Amino acid sequence: MQPFPHHYSVVAKADTQGDVALEGERLPPIPSAPPTEFGGPGDRWSPETLFVAAVADCFVLTFRGIAGLSRFSWVSLECNVTGTVDRVDRVTQFIALEVRARLRIPAGANEEQARRLLAKAEETCLVTNSLKVQPHLESVVEIEQP
Amino acid sequence: MLDTALAGRRDALNPAELLLAALSACMIKGIERVVPMLKFSLRGVEIRVHGVRQDVPPRMECIDYEIVVDTDEPDRRLELLHDNVKKYGTVFNTVAPGTDLKGVLVRATSHGS
C-alpha cells in the first residue's frame, strides 16, 4: 500500500444532451444519467446509484481487508445497500443508509468473530466515515455445512 | 467493473473514486436541471474532482472540484449557476457536511477546457 494521504481524481463531461461520461485515469469510462426518480431513463448509473455503490463497495473491500489482517476464513460476502433520499429543511439529501450484509463462513469458523469483523468494517468504511449520515448495519452470518 | 483488491487493481474503480464519480455526476445533473429554469445558455460542462484520503480514521479529508462551463453568459450568471449546484445536489448535500468540500465554477477558455 502506498503511504497516506492518497489522492483520487475523477472527471465528468457532458454536452447539452446525452449521457454524462465519468472518467478516471486508467479507468474505463462510466456513462451516467439521472435516475428515473429525477426523470432519467433508468438504465444508466446515476449519481444516486453510484453513491450507494460506493458505500457497498467500500464495506465489502474494508471487510476483505480486515478479515485478511485477522487471518479470518470466509467464503463470500453479499452487501445490499439501500439509500433513502428525502428533503430535510428544504435540502434534498440521503437521510438513511441501510446496509444488509450476508456473510458465508466455512464450518468451524468463529461466528462471533465474523460479526465483530462485519461491525468493524462498518466502523472503518472510508466512504461512510466521510458522510454525516451514518449507515445502519444488519448482518447475517451463514455457516457452511460440513 | 467495481471489483478491487487491497493491493489495488488499476483498471477498476475503488470506493473513493466511485464516491467522486457520484459527486461529479450529481453536479452535472444539477446543472442540467437548473439550466432551463435559469435560461442559462451553455455548450458543455466538464468537472474535475480531486479527493484526499487520510489514514486514521479512514475518511476523505477533503474534496476539491473545478466546474468548467463552456458558455458566453456573464460572470454573475456563473455565480448563480454555482450557487444552484451547491444548493440542489442530492449527493453534494450528503457529502458536504461530512468532509471539506469546496470548489470553483469557471468559464472554459476559447481553446476549450
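All conditions but one from (1) of a type outside the set (Phe, Trp, Tyr); (2) buried (at least 21 other Cβ atoms within 10 Å of the Cβ); (3) in contact (Cβ under 8 Å) with a residue 24 or more places away in the chain apply to A:VAL75; the one that does not is (2). If you go through the stretch A:120-146 and keep only what is of a type in the set (A, V, I, L, M, F, W, C) and surrounded by fewer than 14 Cβ atoms within 10 Å (Cβ to Cβ), you end up with just A:VAL140. Here B:GLU79 meets each of (1) outside any helix (DSSP H, G or I); (2) modelled with pLDDT of 95 or more; (3) farther than 20 Å from A:SER46 by Cβ with one exception, condition (1).
For the stretch B:31-59, the set of residues classified as closer than 30 Å to A:LEU61 by Cβ and within 15 Å of the chain's Cα centre (by Cα) consists of B:GLU46, B:ILE47, B:ARG48, B:VAL49, B:HIS50, B:GLY51, B:VAL52, listed by residue number.
Could you say whether any residue in the stretch A:94-104 is modelled with pLDDT under 95, over 30 Å from A:PRO5 (Cα atoms) and either surrounded by fewer than 17 Cβ atoms within 10 Å (Cβ to Cβ) or of a type in the set (Lys, Arg) (or both)? Scanning the stretch A:94-104, I find no residue that is modelled with pLDDT under 95, over 30 Å from A:PRO5 (Cα atoms) and either surrounded by fewer than 17 Cβ atoms within 10 Å (Cβ to Cβ) or of a type in the set (Lys, Arg) (or both), so the answer is no. Within the stretch A:1-47, can you find the residues that are of a type in the set (S, T, N, Q) and facing chain B (nearest Cβ under 8 Å)? A:SER9, A:THR16, A:SER32, A:SER46 - these are the residues of the stretch A:1-47 that are of a type in the set (S, T, N, Q) and facing chain B (nearest Cβ under 8 Å).
When A:ALA119 is tested against (1) within 9 Å of chain B (Cβ to nearest Cβ); (2) modelled with pLDDT of 95 or more, exactly one condition is not met: (1). When A:ALA114 is tested against (1) buried (at least 17 other Cβ atoms within 10 Å of the Cβ); (2) free of Cβ contacts under 8 Å to residues at least 12 places away in the same chain, exactly one condition is not met: (2). Just one of (1) farther than 29 Å from B:LEU23 by Cβ; (2) modelled with pLDDT of 95 or more fails for A:LEU137. It is (1).
Scanning the stretch B:37-79 for residues that are surrounded by 13 or more Cβ atoms within 10 Å (Cβ to Cβ) and basic (Lys, Arg) yields B:ARG48, B:ARG53, B:ARG59, B:ARG77.
Residues in the stretch A:85-110 that are without any contact (Cβ under 8 Å) to a residue 40 or more places away in the chain and either within 11 Å of chain B (Cβ to nearest Cβ) or touching an Asp or Glu at 6+ places or on another chain (Cβ under 6 Å) (or both): 10 in all.
When the stretch B:82-109 is examined, which residues are found to be surrounded by 15 or more Cβ atoms within 10 Å (Cβ to Cβ), within 12 Å of chain A (Cβ to nearest Cβ) and in a strand (DSSP E or B)? Passing the criteria: only B:LEU101. Going by the structure shown, is A:ALA67 within 30 Å of A:GLN113 (Cα to Cα), facing chain B (nearest Cβ under 10 Å) and not polar (S, T, N, Q)? Here the answer is no, as A:ALA67 does not meet what is asked.
Across the stretch A:73-83, not a single residue is classified as at pLDDT below 95, hydrophobic (A, V, I, L, M, F, W, C) and under 15 Å from the mean Cα position of the chain (by Cα). Could you say which residue among A:PHE59, A:PHE4 is over 21 Å from B:ILE47 (Cβ atoms) and under 19 Å from the mean Cα position of the chain (by Cα)? Just one listed residue meets the conditions, A:PHE59. Among the residues in the stretch A:120-129, are any without any contact (Cβ under 8 Å) to a residue 24 or more places away in the chain, touching a Gly at 6+ places or on another chain (Cβ under 7 Å) and farther than 13 Å from A:PHE51 by Cβ? No, the stretch A:120-129 contains no residue that is without any contact (Cβ under 8 Å) to a residue 24 or more places away in the chain, touching a Gly at 6+ places or on another chain (Cβ under 7 Å) and farther than 13 Å from A:PHE51 by Cβ. Checked against the criterion of being aliphatic (A, V, I, L, M), over 18 Å from the mean Cα position of the chain (by Cα) and within 30 Å of A:PRO34 (Cβ to Cβ), the candidates A:VAL88, A:VAL99 yield just one match: A:VAL88.
The values are calculated or read from the model by the stated rules, or taken from the named source; none is laboratory data. Please read these numbers as outputs of a predicted model, since none were measured by experiment. Because the Cβ atoms are built from the backbone with ideal geometry, glycine has one as well, and the counts that use them run over all protein chains shown.
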